[in-house]
Amino acid sequence: MMRGLWILATLGLVAAEDGLNGWLRYARLPGNNTKQAIVPSSIVALNSTETSPVYVAGQELQKGIKGILGKTVDVTSESVDGPSIVVGTIDAFTAAGGDTDVIPELEEDGFWLNTEGDTIEIVGQNECGVLYGVFEYLSLLGQGNFTKVTKATNPSASIRWVNQWDNMDGTIERGFAGLSIFFEKNVTVANTTRVSEYARLLASIRVNGIIVNNVNANPIILSDENMAGLGRIADAMRPWGVRVGISLNFASPQTFGGLSTFGPLDESVIAWWGDITNKLYEKVPDMAGYLVKANSEGQPGPLTYNRTLAEGANLFANAVKPHGGIVMFRAFVYDSVNLNESNWKDDRANAAVDFFRDLDGDFDDNVVVQVKYGPIDFQVREAPSPLFAHLQQTASAIELQVTQEYLGQQCHLVYLPPLWKQILNFDLRVDGEKSVIGTDILSGKRFGKELTGYAAVVNVGHNATWLGSHLAMSNLYAYGWLAWDPTDNEVTILQDWTRLTFGSDKTIIDTITKMSMESWPAYENYTGNLGIQTLTDITGPHYGPNPQSMDNNPWGQWTRADATSIGMDRTVWNGTGFAGQYPSEIAAQFETIETTPEELLLWFHHVPYTHVLSTGATVIQHFYDAHYAGAETAASFPTQWAKLVGLVDPQRFDETLFRLMYQAGHAIVWRDAISQFYHNISSIADERARVGSHPWRIEAEDMQLNGYRITVVTPFEVASGLRIVQTVDNTTAASVSTTLNYPAGTYDLAVGYYDLYEGKASYELFLNDESLGSWVGDLEDRLGYTLTRGIDGHSATRVTFRRVAIEEGDVMRIETVPNGRETAPLDYLAVLPPGVVDQGVLGAGYVRGLNTIQYFKDRVYYGL
Ligand code: GCU
């Protein structure tokens, strides 16, 4: 019997799972967990229309109880004798004779859940509320939690949407999990199975709206065929209470409609949009509304016609108003052409407030300004957008990203709620009064707004895991919960998700909690520190390291790093004035170095590398230390996860382990590149002498080369020793070899190489003449990051062979066959004694010689 099956049989695990059901698996609880579960035998769903969320709620309840408890229950729409689970809206519940006196006031989408008596009551303010209540009840059952509950809950905000950046051709901008589930070949998909499955996941986290196409919108979405298709998509999502909307291209009247203009005040344009909107509402009568990106990053907008952004937004607001729709108008407006870094006062961060401050009050009441959480662009650390303080007469919503565009593209584990909570918990002190972004501003309370809330760019794709990574799904789950209640605890949410996704075993909960909570700090440590931003390739894929790409271009994500100093001076007294966009108490805090929180030091101030932090370390030494610490934490992830072998089903265990191993390796790429770059630019040595010194590495360029040539790479810092080797042509087999001058012992052997797409080079590692194993440069098929054609920080990676016994004088050889564009590029061989992560010593979580590692002993290890 194969080893995996053997483990499955002995531990009685569920069959391999692919992740399609996310946290809605309804996995059977172990027998002794279900003893206290007394569940009535009938479900009374007070609505029998199949497209009604109440009907769907009844079906879901039946399915969930069957899965979790193995118990078959009937669903009817009429009252029954004896105990039942009654689900319905408050109106239906009242009409059926239910006692509503005890139910506190429910707001839109709110619900009441009462499991105290023999009959369980799940009563929604509306049909969505019913569905949410049912999912909550199932979540409790699924976690083996049979405590009696009596609770009413209402959402913090009415807008809880997701945005998909799906292109009409089926690709997804910043999507890392395969092709679109909504579009292919410029039309909407015919088969909406995945669409309704997605809606089910969204409903279970109380998301009530979705924009299905990219903000960089293609007007072809407005064709008759696509409007009909949107009707089908809406039909698939409606039973789950998820309303559909679309992104618009401002120039559509001209580029698609054939008018001579798209000026927002032009009569023909107004009429054209009115007509289009009416046609859309014929197909999607409950369409949620529009999302508009205008005058940003090359997108057309009202400024072309000297009209204000508000006039542009109101054009659409007028069109959807009779139908009850809203317009989400993005505040992500900035000039990406004329920003000039040589002007000390120029600052992209100023743009949103500069553009929108004076328009407050000019927007129609069904316009919501959708504001990214920070003033730049989803960086690993940003100050909160000050625009939230300025939109007092205009409704606002925050824009978050579940898709990890700048945050590891789902190939790195980064649990995002701690980042989001930093923003949501921030008190902007508008007019000296408490103005916490989540509970006061986005709830609408502070400025008396009905329409406020949340949008998250999610970008699920056809991959069975939805986001490309099983663990990344905790971010989607948590998003829904935080949009409902931003005071929810991020660890509690994570642990609920873990129980539902992987089961309640304590080791599973503890391990996933520890790794997840370490993940954002680790990612920040090995990417960009102290508010300098992610330091990725901002003109390219936003994935691997490329700090120099941030400066000397008009994109405005500058670091202003020079030979002696670094950081954006955003003070009022000497800098771009951005700090002054905050209400006075906060502005004063950010104005001086002493009162600026250190994690945002370089966001607000330009300081010498030798500036001393509260820890006593200089800025540059902090960069080095943080990068080593971050990579060390990432190196512990695979070994932490490995403890779960046999506790998590083999498929999800393997797929997750693979990504964590890859992350561990890429974290070292990040660490080395960033440390090397700042070492080079500042000429300041690492006090601990790690940067640029790799006693355990043998550089490929120092090996004996056969069919290889030595080259440099771009950016230079992504090559250890600043050089690499590539095969002399794209077809001929080649090799490198070296003698190992290390004392006899057992070592891990790591090879640094580059895995491009458009090619699958093959590699085989030999010790003397014995093959230790082989691998292929096929990460492009196994990971969903933005593909790169270059030998760069995105393609740089590592593979590790564990516990290899070597003698001094042994000869190591790597035989390679280039393929396509992939010239089997090699950077180095690291020969690592126990406990050494290539010069960072592993933390306490690392245990060698685990049986679990043995289980994978025949596999090739990426990462570590
Ligand atoms: C980022 C992102 C783009 C996206 C833009 C937006 O710049 O990289 O892909 O279009 O944000 O939010 O509009």
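Tabulated data
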item: Nearest 10 degrees, 0 to 90: helix 650-682 Cα axis against the chain principal axis; result: 60 degrees
item: Long-range amide H partners of LYS372 with built H, under 5 Å; result: ALA331, PHE332, GLU399
item: Ranking by accessible area, most exposed first, for TYR757, TYR526 with a 1.4 Å probe; result: TYR757, TYR526
item: Positive-pole candidate from LEU476, ALA700, ILE270, dipole of the chain, charges at beta carbon; result: ALA700
item: Selection of trypsin sites (Lys or Arg not before Pro), the stretch 182-259, meeting DSSP coil and at most 12 other Cβ within 10 Å; result: LYS185
item: Table column - 3J(HN,Hα) (Hz), the stretch 328-344, Karplus curve with 6.51, -1.76, 1.60, x for Gly and Pro; result: 8, 10, 7, 7, 6, 10, 7, 9, 9, 10, 9, 5, 10, 5, 6, 8, 4
item: Protection proxy ranking, peptides 396-407, 507-518, average beta carbon neighbours within 10 Å, highest first; result: 396-407, 507-518
item: Crossing angle, helix 267-283 versus the chain [Cα axis fit, 0-90 degrees, rounded to tens]; result: 80 degrees
item: Size of charge dipole - the chain - debye, nearest 20, with Cβ of Lys, Arg +1 and Asp, Glu -1, no other charges; result: 1420 debye
item: Value of relative contact order over the stretch 7-153, rounded to a whole percent, pairs C-alpha under 8 Å and six or more apart; result: 24 percent
item: Among LEU291, VAL460, ILE220 - extreme Cα towards positive end, dipole of the stretch 159-489, charges at beta-carbon; result: VAL460
item: Charge sum, other residues only, whose C-beta stays under 15 Å from VAL189's C-beta, Lys/Arg counted +1 and Asp/Glu -1; result: -3
item: Virtual spin-label span in nm between LYS445 and ASN741, 7 Å along Cα→Cβ; result: 6.9 nm
item: Amide H partners (placed H, <5 Å) of VAL162, local residues excluded; result: GLY209, ILE210, ILE211, ALA456
item: Relative contact order (percent, whole number), the stretch 697-838, Cα cutoff 8 Å, 6+ residue spacing; result: 39 percent
item: Long-range HN-HN contacts of ALA395 with modeled amide H, under 5 Å; result: VAL369
item: Protection proxy ranking of 578-585, 771-778 - average other beta-carbon atoms within 10 Å, highest first; result: 578-585, 771-778
item: Distance (nanometres) between label positions extended 7 Å along Cα→Cβ at THR711 and GLU764; result: 2.5 nm
item: Full-extension gain in nm, ARG789 to THR732, via 0.36 nm per residue minus C-alpha separation; result: 18.5 nm
item: Relative contact order (percent, whole number), the chain, Cα cutoff 8 Å, 6+ residue spacing; result: 10 percent
item: The chain, accessible surface, carbon-and-sulfur percent (1.4 angstrom probe); result: 49 percent
item: Sparse-neighbourhood loop sites, GluC sites (Glu not before Pro) in the stretch 107-152 - DSSP loop, at most 16 other Cβ within 10 angstrom; result: GLU107, GLU108, GLU116
item: Value at 222 nm in deg cm²/dmol, rounded to 500, when DSSP H runs of n ≥ 4 in the chain each add -39,500 (n - 2.57); result: -9000 deg cm²/dmol
item: Counted charge near GLY110, where neighbours are those whose Cβ lies closer than 11 Å (Asp, Glu -1; Lys, Arg +1); result: -2
item: Distance (nanometres) between label positions extended 7 Å along Cα→Cβ at GLU105 and LYS514; result: 4.8 nm
item: Enclosed volume per residue, in Å³, of the convex hull spanned by Cα atoms of the chain; result: 167 Å³
item: Order of exposure, largest accessible area first, which applies to ASP169, ASP792, ASP101 with probe 1.4 Å; result: ASP101, ASP169, ASP792
item: HN-Hα J in Hz across the stretch 90-105 - Karplus 6.51, -1.76, 1.60, θ = phi - 60°, x for Gly and Pro; result: 4, 5, 5, 5, 5, 4, 7, x, x, 8, 9, 4, 7, 7, x, 5
item: In Hz, Karplus ³J(HN,Hα) per residue of the stretch 615-630 (6.51, -1.76, 1.60; θ = phi - 60°; x = Gly, Pro); result: 6, x, 7, 6, 4, 5, 5, 4, 3, 4, 4, 5, 5, 5, 5, x
item: Nearest-ten-degree value, helix 473-484 long axis tilted from longest Cα axis of the chain; result: 40 degrees
item: Solvent-accessible ranking of GLU524, GLU655, largest area first, probe 1.4 Å; result: GLU655, GLU524
item: Gyration tensor (alpha-carbon) shape descriptor, the stretch 159-489, a/c threshold 1.5; result: rounded
item: Counted charge near ALA317, where neighbours are those whose Cβ lies closer than 13 Å (Asp, Glu -1; Lys, Arg +1); result: -3
item: Additional length obtainable on full extension of the chain from LYS185 to ASN574, 0.36 nm per residue less Cα span; result: 134.8 nm
item: Relative packing of peptides 263-273, 211-221, 802-812 - highest average C-beta neighbours within 10 Å first; result: 211-221, 263-273, 802-812
item: Antiparallel DSSP beta bridges within the chain, percent to nearest 5; result: 60 percent
item: Contour excess over end-to-end distance, with Cα ends at GLU225 and ARG688 and 0.36 nm allotted per residue; result: 160.3 nm
item: Nearby aspartates and glutamates by direct alpha-carbon distance to LYS421 (threshold 18 angstrom, same-chain neighbours under 8 apart not counted); result: ASP377, GLU382, GLU399, ASP440, ASP485, ASP488, GLU490, ASP496, GLU518, GLU524, GLU598, GLU599
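The values are calculated or read from the model by the stated rules, or taken from the named source; none is laboratory data. Model, not experiment: these values are computed from the prediction. Virtual Cβ from ideal backbone geometry, glycine too; neighbours counted across all protein chains shown. In case anyone asks, the SASA skips ligands and DNA or RNA and just uses the protein heavy atoms, side chains included. Shrake-Rupley method; radii C 1.70, N 1.55, O 1.52, S 1.80 Å.
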